[in-house]
Structures are given as C-alpha cells and as structure tokens.
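First up is the structure itself, then whatever we jot down about it.
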Amino acid sequence: YMATMENSEYDGTKTYKSGTYKAKDGTVIGDWERKGWGNISYDRGFALSSNTGIISLLNNNISKGTLKSYFNKLGFGTPTGIELPNEVGGKVNFNYETEYYNAGFGQGITTTPIQNVKALTSIANDGMLLQPYYVDKIVDHEGVVTYQGGRTELYQVASVNTTNKMKDLMEQVINGNSKTCTGYPYYMPGYDLIIKTGSAQVASSTGYDTGEVIKGIAGMWPKDDPEVVFYLAAKKPNDGKDGRVKPMTSVVKEIVTNISSYYEIYEEKNDASNKLNTLEISS
C-alpha cells in the first residue's frame with residue numbers, strides 16, 4: 001500500500017472483486033476467506049488482509065521493478081547493521097507473475113523481525129526511516145563510554161500524507177466497531193493501538209503443502225505520535241475453534257499495558273469513572 005501511495009495515485013474508495021484471482025499461468029491465488037466479500041474498497045481490503053486487493057493494486061499501479069526497489073528502500077534484502085554477529089539480510093527476489101503477486105502480500109520473500117521493525121519506524125516517524133540498535137552504551141573498565149547508541153535518521157521513504165494514511169488504515173484493522181476486521185481481537189478500549197496482522201504459509205521442499213502457518217502482528221502506539229513499535233510472530237499458533245490467535249492476543253495486550261505503564265505513555269483524566277476508557281496521551 002505504501003509503495004502505491006508513493007509511486008502512483010491511491011484512491012482507497014475504489015473497489016475490486018475479492019475472493020480469488022487467476023494468474024496467466026493458471027495459478028489461483030485467493031483471500032484467506034476464499035469466497036471473498038464481494039466488491040469492496042481497497043481501504044476495506046487492507047482491514048481484511050485481502051490478498052486479491054494487493055494483486056489488484058499491483059496490476060493497476062506498481063511494476064515488479066518498482067515494488068522490488070521500494071522493498072530495498074525500506075531495508076529489506078540487506079542486513080540492518082545492528083550490533084549482533086551473523087545477521088542475515090533476507091531475500092526479496094521475484095521474477096515470475098505469481099512470485100510478484102505473492103511478494104506483494106509478503107509470501108515467497110524472507111525478512112527478519114528487526115527488518116520489519118526498522119521498516120515500521122518510517123510510519124511512526126512521518127516517513128523517516130531510522131537505524132535500529134540494541135546496545136545503549138559500552139563502558140570500559142575506567143568508566144569511559146566507548147560506544148553510545150542513539151537515534152539515527154537514515155532517509156525519507158514516504159511523505160507525511162502517506163504515513164498518516166497508513167496509520168488510518170492500521171487503525172481500521174483493529175477497529176473496535178467491526179468484528180470482521182482481522183485485528184479486532186487485539187482491540188483495547190482506551191489504548192490508541194494501531195496494527196496490521198498477517199499470515200504466511202510455511203514452505204517445504206515440495207511447496208506450500210505443510211498446512212502450517214506463521215501468524216504475525218505489527219503495531220505501534222499511540223497512533224498520532226507513536227512511542228513504541230513492535231512485531232510479534234508465532235509458528236503454528238494454537239488458534240482455537242474460532243480461528244482467533246488467542247495466545248498472541250494475550251501477549252500483545254500484556255505488552256501494551258505494561259509498557260504503557262512503565263513509560264507513562266498515558267495518564268488518567270481527573271474524572272476516572274471508567275479508568276480503561278478515560279485515558280489520554282500525556283504531553
């Protein structure tokens with residue numbers, strides 16, 4: 001979606017037919033809800049994690065080369081340079097039509113969690129990509145600081161208009177008024193959390209026939225001026241009968257609650273008749 005907004009005209013109110021799409025080679029690519037939701041808008045498709053919505057955007061707006069260049073611009077395909085040994089860069093190579101489509105919604109390429117967080121910093125910082133780091137500082141035996149970590153701005157990868165729109169879309173994923181959105185189980189009244197959910201099939205030597213998936217969630221809060229960015233993934237999660245990722249929702253809610261309290265991201269209003277619903281962003 002960001003690549004479309006930055007390299008073409010994006011109109012989220014335009015509609016497309018969801019469900020399945022048949023590529024030129026005969027491969028059928030479908031939404032997780034195979035029957036789809038009929039003709040829906042691109043904005044709605046984002047909230048529903050619609051693969052066919054991505055395919056429609058790619059066909060109408062973004063070439064393979066442009067998509068690959070934007071992935072590289074966000075830092076995918078090369079190590080981030082964090083202070084840990086043996087970091088891998090992942091792969092974002094795709095050539096054939098179905099590879100191109102799959103790459104659009106995150107299938108068939110490989111990324112690392114720290115790369116995902118790095119890319120998310122651009123949405124949290126008005127389009128400015130930040131350099132991630134683990135080590136705050138290194139002090140020698142005499143107490144002299146020999147290394148000091150800190151905020152490092154790399155370069156602009158998106159406009160403020162684009163990142164504001166992305167925040168709006170991520171807010172709709174977790175919309176507390178719509179149980180059909182993929183992020184509804186993560187909704188926390190009073191917490192200005194915005195997210196994007198995702199699922200990826202686990203590949204084997206013969207293809208994507210294992211039946212196993214990796215569930216992921218990326219998010220940040222507070223929406224208008226994010227202070228925290230996170231990425232969480234689980235292989236073969238125990239979804240339960242309703243298909244919801246129950247263990248992951250518990251983890252996310254605990255993380256958001258505890259970090260918000262530790263960093264004093266929110267403060268209670270004077271009228272705290274309903275504490276969970278009467279939170280505001282502190283200055």
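The values are calculated or read from the model by the stated rules, or taken from the named source; none is laboratory data. Every value quoted in this text rests on a predicted model; they were computed, and no experiment measured them. Every residue, glycine as well, gets a Cβ built from its backbone with ideal geometry; the counts of neighbours run over all protein chains shown. Note: accessible area is taken over every heavy atom of the protein model, side chains too, but ligands, DNA and RNA are not part of it. Shrake-Rupley method; radii C 1.70, N 1.55, O 1.52, S 1.80 Å.
Where strands (runs of 3 or more DSSP E) fall wholly inside segment 1-71, the ranges with 2 or more residues that are among the hydroxyl-bearing types (Ser, Thr, Tyr) are 15-17, 20-22.
Selection of helices (runs of 4 or more DSSP H) fully inside segment 72-189 by the criterion of at least 1 residues being out of contact with any strand residue (DSSP E or B) (no Cβ under 8 Å at 6 or more places or on another chain) and among the acidic types (Asp, Glu) returns 97-104, 160-173.
Under 6 Å by Cβ, and 6 or more places apart or on different chains, what pairs join a residue from segment 232-259 that is closer than 15 Å to ALA218 by Cβ with one that is surrounded by 11 or more Cβ atoms within 10 Å (Cβ to Cβ) and at pLDDT 90 or above? Within 6 Å, the pairs are LEU232/ILE217; ALA233/GLY216; THR249/PRO185; THR249/TYR186; VAL252/TYR186; VAL256/TYR191; VAL256/LEU193. Inclusion of ALA124 among residues that are farther than 23 Å from VAL92 by Cα and open to solvent by less than 70 Å² (accessible area, probe 1.4 Å) is warranted. Can you work out which of the residues in segment 12-26 that are in contact (Cβ under 8 Å) with a residue 60 or more places away in the chain and farther than 13 Å from ARG44 by Cα is most open to solvent (accessible area, probe 1.4 Å)? In this case the residue turns out to be LYS24.
Among the residues making up segment 197-215, those that are touching a residue at least 40 places away in the same chain (Cβ under 8 Å) and open to solvent by less than 60 Å² (accessible area, probe 1.4 Å) are THR197, GLY198, ALA200. Residue-level check: of (1) assigned to a loop (DSSP other than H, G, I, E, B); (2) surrounded by fewer than 17 Cβ atoms within 10 Å (Cβ to Cβ); (3) modelled with pLDDT of 90 or more, PRO226 misses just (2). Taken over segment 44-72, residues that are more than 30 Å from THR180 (Cβ to Cβ) and buried (at least 20 other Cβ atoms within 10 Å of the Cβ) amount to 1. Comparison of ASP239, ASP192 shows that the only residue that is modelled with pLDDT of 70 or more, more than 25 Å from GLN115 (Cβ to Cβ) and charged (D, E, K, R) is ASP192. Can you tell me which residues in segment 73-97 are over 18 Å from the mean Cα position of the chain (by Cα) and buried (at least 18 other Cβ atoms within 10 Å of the Cβ)? Result: PHE94, single match.
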